[in-house]
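Undergrad: This is the structure I want to talk about, given as structure tokens.
The values are calculated or read from the model by the stated rules, or taken from the named source; none is laboratory data. These figures come from a predicted structure and were not determined experimentally. In this analysis, Cβ positions are derived from the backbone assuming ideal geometry, glycine residues included, and neighbour counts consider all displayed protein chains. Ligands, DNA and RNA are stripped out before the accessible areas are found, and what is left, the full protein with its side chains, is counted by its heavy atoms. Shrake-Rupley method; radii C 1.70, N 1.55, O 1.52, S 1.80 Å.
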Amino acid sequence: MRIAIYTAIFGDKDELKEPLDFESNNEIDYYLITDNKKAKTYIYKLLVKKAIYGDITKNARFYKLNGLEEFKEYDYVIWHDGNLRIKHVFIKELVSYVADSFLATFKHPDRKNFYQEAVACVKLNKDFSLKILWQSLIYYLKGLPSNFNPQLYETCILVKKMPMYNETFYDLWWSQILKYSRRDQLSLPFVLFSMNTKISTIPGCRYENIFSDFSPHKNNIYKQKLNLTVFNVKWVKNLSVKIIKYFERRRS
């Protein structure tokens, strides 16, 4: 069994943290995808890639969903966000949660559906409010229910079963990020609903699990570069929240 573990850090958003309790073996390889040629790592294999998008978060999301050609030779591929530190000794246990599916991730600890997550993203300036509102309208018109089960996931760790997992699934997921919000947690429920498919869950959440340690992002300068706080004025946010909550009630 061969396992690839990878993350992507663009624009100095995070500082890579080497895995805890690492022991070298022939089964597990670590990869860092970055635009920083001077990134320092002793365990991850450095893969320098030019930024594709002006939004540094979207660059990481591209590799998060699409991976790399190099990963096709592995049996399992594990993504982790750049602000997580992987615990090496639990890797094989982590892989076990994808045994009955093609993908496993955390269930969201705080919210239950797309509409609640959309409201939270608007309130927290995670993306442009009107973009999230537009995405909510489209999903509402396409019938996405608020009580869809499985409902909402926290995608900071993705365990993918190879070979090349499920290309149609990831193609649709990525297309939603290109069309609407960059927030992959927003588009995942719609993709699952559209394809009438399910994925597996990993116990725990971003802040509390046995597989990784969490740290805040090194910086949030990407929000300022996108002028999120400028365009997300109070009345736009309030109106967006009210409309999205209306969609949730109508789809309950």
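Undergrad: Using the Karplus equation 6.51 cos²θ - 1.76 cosθ + 1.60 (θ = phi - 60°), what ³J(HN,Hα) coupling, rounded to whole Hz, does each residue of the range 4-20 give in order, writing x for Gly and Pro?
TA: 10, 10, 8, 8, 9, 10, 10, x, 6, 5, 9, 10, 4, 10, 5, x, 6
Undergrad: Measure nothing fancy, just the Cα-based angle from helix 56-66's long axis to the longest principal axis of the chain, in degrees from 0 to 90, nearest 10.
TA: 70 degrees
Undergrad: Follow-up. What does the accessible area per residue of the chain come to in Å², with a 1.4 Å probe and no ligands, DNA or RNA counted? Show your work: numbers first, answer last.
TA: Working: 12100 Å² over 252 residues.
Value for the chain: 48 Å² per residue.
Undergrad: Mind checking the range 49-150 for trypsin sites (Lys or Arg not before Pro) that DSSP puts in a loop (not H, G, I, E or B) and that have at most 13 other Cβ atoms within 10 Å? Write out the running numbers ahead of the final one.
TA: Numbers: sites: LYS49, LYS50, LYS58, ARG61, LYS64, LYS72, ARG85, LYS87, LYS92, LYS107, ARG111, LYS112, LYS123, LYS126, LYS131, LYS142; in loops: LYS49, LYS50, ARG111, LYS112, LYS126, LYS142.
When the trypsin sites (Lys or Arg not before Pro) of the range 49-150 are filtered for loop state and at most 13 Cβ neighbours within 10 Å, LYS50, LYS142 remain.
Undergrad: Additional query: GNM on the chain, C-alpha springs below 10 Å: top fluctuator among ILE86, ILE33, ILE43?
TA: Highest fluctuation of the listed residues: ILE43.
Undergrad: I would also like to ask the following. Pop out the carbon and sulfur fraction of the accessible area of the range 140-185 as a percent, whole number, probe 1.4 Å. Walk me through the intermediate numbers first.
TA: Numbers: 810 of 1700 Å².
After summing per-atom areas, the C and S share lands at 47 percent.
Undergrad: How high is the relative contact order of the chain, in percent, with contacts defined as C-alpha pairs under 8 Å that are six or more residues apart?
TA: Working: 437 pairs, mean separation 68.8, N = 252.
Reported as a whole number, the value is 27 percent.
Undergrad: Pick the calculated Kirkwood radius over Cα pairs in Å for this structure from (i) 18.8; (ii) 19.5; (iii) 21.8?
TA: It is the value labelled (i).
Undergrad: Another question, then. Compute the distance from the alpha-carbon center of the range 14-89 to that of the range 167-217, in whole Å.
TA: 17 Å
Undergrad: Among LEU130, LEU239, LEU188, whose mean-square fluctuation peaks in a Gaussian network model of the chain (Cα, cutoff 10 Å)?
TA: Largest GNM mean-square fluctuation: LEU239.
Undergrad: To continue, here is another question. How much length is gained on full extension from TRP235 to LYS45, taking 0.36 nm per residue of separation minus their Cα-Cα distance? Walk me through the numbers on the way to the answer.
TA: Working: separation 190, 0.36 × 190 = 68.40 nm, distance 4.65 nm.
Computed gain between TRP235 and LYS45 is 63.8 nm.
Undergrad: Now for a different question. How about the range 3-87: which chymotrypsin sites (Phe, Trp or Tyr not before Pro) there lie in a loop by DSSP and see at most 12 other Cβ atoms within 10 Å?
TA: On the way: sites: TYR6, PHE10, PHE22, TYR30, TYR31, TYR42, TYR44, TYR53, PHE62, TYR63, PHE71, TYR74, TYR76, TRP79; in loops: PHE10, PHE22, TYR42, TYR44, TYR53, TYR74.
Answer by residue number: TYR42.
Undergrad: Show me the trypsin sites (Lys or Arg not before Pro) within the range 182-221 that DSSP assigns to loop and that have at most 16 other Cβ atoms within 10 Å of their Cβ.
TA: Working: sites: ARG182, ARG183, LYS198, ARG206, LYS218; in loops: ARG182, ARG183, LYS198, ARG206, LYS218.
The qualifying sites are LYS198, LYS218.
Undergrad: Do the alpha carbons of any pairs in LYS17/LYS58; LYS37/LYS72; LYS38/LYS123; LYS13/LYS160 sit beyond 28 Å of each other, and which pairs? Before the final figure, lay out the partial values.
TA: Numbers: LYS17/LYS58 21 Å; LYS37/LYS72 24 Å; LYS38/LYS123 36 Å; LYS13/LYS160 24 Å.
Violating the 28 Å Cα-Cα cut-off are LYS38/LYS123.
Undergrad: Pop out the carbon and sulfur fraction of the accessible area of the range 22-129 as a percent, whole number, probe 1.4 Å.
TA: Details: 2410 of 5130 Å².
Reported share for carbon and sulfur atoms: 47 percent.
Undergrad: Also, I was wondering about something else. Could you check which residue among ASN196, ASN113, ASN36 shows the biggest mean-square fluctuation in a GNM of the chain with a 10 Å Cα cutoff?
TA: Sorting by GNM fluctuation, first place goes to ASN196.
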